[in-house]
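Chemist: Questions regarding the structure given below will be posed in turn.
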Amino acid sequence: MKELFGLDGKVAFVTGAGSGLGRVMAEGFAKAGAYVICADVFEDRATEAAQAIVSAGGEAVARQIDVANEASVADAIAQIKQSHLHILVNCAGVSAVPARTHETLLEDWRRVIDINLTGTFLVTRAALPMMFEQGGSIINLASILGIGGYYPGFASAGVDYAASKSAIIGFTKQVAVEYAELNIRANTIAPGWHGGTRLGEARRQQASSGDEERFYSAIHSRIPMKRRGQAEEILGLALYLASPASAYMTGQLLVQDGGWTAT
């Protein structure tokens with residue numbers, strides 16, 4: 001099994017590694033043997049994640065990165081000391097306070113698209129040359145909201161977020177076919193609603209206790225498993241895509257949503 005799922009000797013660059021799904025993947029890859037570069041816009045969170053990995057016996061360093069800033073991305077990639085990058089995870093992402101389309105602010109639209117979509121492009125573009133010689137695995141994070149709309153009668157998801165995540169799916173497929181001959185694989189994970197992340201902070205800060213109860217009640221009633229996913233539940237799928245176990249898989253969308261899209 002270690003030959004299939006082990007990451008010994010691999011170098012992984014994970015954006016959004018300071019919290020939530022990104023941190024789960026960064027720590028999990030390190031336990032599987034990878035040297036992990038924990039990248040996050042919040043330097044203290046990236047440092048905390050890297051230190052946790054080292055304290056657990058793994059290898060990691062922290063990097064501050066603003067994925068929406070071309071110069072910041074170039075600098076972070078240039079600091080990679082190894083000559084080859086084996087795994088790239090584009091997990092950095094944000095959402096705005098949910099609003100219906102006619103109420104969505106242009107500044108929110110631009111911020112979400114810049115970080116979620118343009119950020120994925122900038123980091124991928126910068127990292128690709130480091131995979132040309134030996135191949136690699138690119139894992140991009142989309143969302144079930146990039147597959148289908150959701151409106152339970154009140155604003156609970158933003159069109160800016162949905163558009164960015166839908167575009168990531170198409171972006172990943174294009175990268176996959178362009179670089180398949182170089183043994184560079186690109187796949188997308190579309191998580192459903194997960195706890196243990198900071199993604200909904202903006203919404204939670206403005207919502208009353210009644211609003212939150214209505215929000216989660218509507219979500220849970222829509223999920224066949226009747227619960228949100230836990231952040232740590234992303235690891236098995238991510239480890240599969242990062243490892244030799246998925247060597248012949250590229251350009252695919254893997255959905256992890258408790259049955260949301262099956263209904």
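The numbers here are math on the coordinates, done by the rules we state, and not lab data. Please read these numbers as outputs of a predicted model, since none were measured by experiment. Every residue, glycine among them, receives a Cβ derived from its backbone with ideal geometry; neighbour counts consider all protein chains shown.
Chemist: Which one of these is within 18 Å of I37 (Cβ to Cβ) and not aromatic (F, W, Y): V89, V94?
Modeler: V89
Chemist: Exactly one of these conditions fails for T47: (1) surrounded by 16 or more Cβ atoms within 10 Å (Cβ to Cβ); (2) in contact (Cβ under 8 Å) with a residue 24 or more places away in the chain. Give me its number.
Modeler: (2)
Chemist: Kindly evaluate V67 against the criterion of being outside any helix (DSSP H, G or I) and under 20 Å from L117 (Cβ atoms).
Modeler: Working: outside any helix (DSSP H, G or I): yes; under 20 Å from L117 (Cβ atoms): yes.
Yes; evaluated as a whole, the condition is true for this residue.
Chemist: Would you mention how many residues in segment 145-162 are out of contact with any Pro (no Cβ under 7 Å at 6 or more places or on another chain) and buried (at least 17 other Cβ atoms within 10 Å of the Cβ)?
Modeler: If we filter segment 145-162 for residues that are out of contact with any Pro (no Cβ under 7 Å at 6 or more places or on another chain), which is where we start, we get 145-154, 159-162.
Applying the additional criterion that residues be buried (at least 17 other Cβ atoms within 10 Å of the Cβ) yields 145-147, 159-162.
Result for segment 145-162: 7.
Chemist: A further question follows. From the set of residues in segment 131-146 that are in contact (Cβ under 8 Å) with a residue 40 or more places away in the chain and in a helix (DSSP H, G or I), which is nearest to L239 (Cα to Cα)?
Modeler: Taking segment 131-146 and keeping what is in contact (Cβ under 8 Å) with a residue 40 or more places away in the chain, we get 131-144, 146.
Now restrict to residues that are in a helix (DSSP H, G or I): 131, 144, 146.
Details: M131: 18, I144: 20, G146: 22 Å.
Of everything passing the filter in segment 131-146, M131 is nearest to L239 (Cα to Cα).
Chemist: Now a separate question. So which of A50, A17, A62 ends up being in contact with a strand residue (DSSP E or B) (Cβ under 6 Å, 6 or more places away or on another chain) and part of a helix (DSSP H, G or I)? Before you say what the answer is, go through the steps one by one.
Modeler: Values: A17 fails: part of a helix (DSSP H, G or I); A62 fails: part of a helix (DSSP H, G or I).
Just one listed residue meets the conditions, A50.
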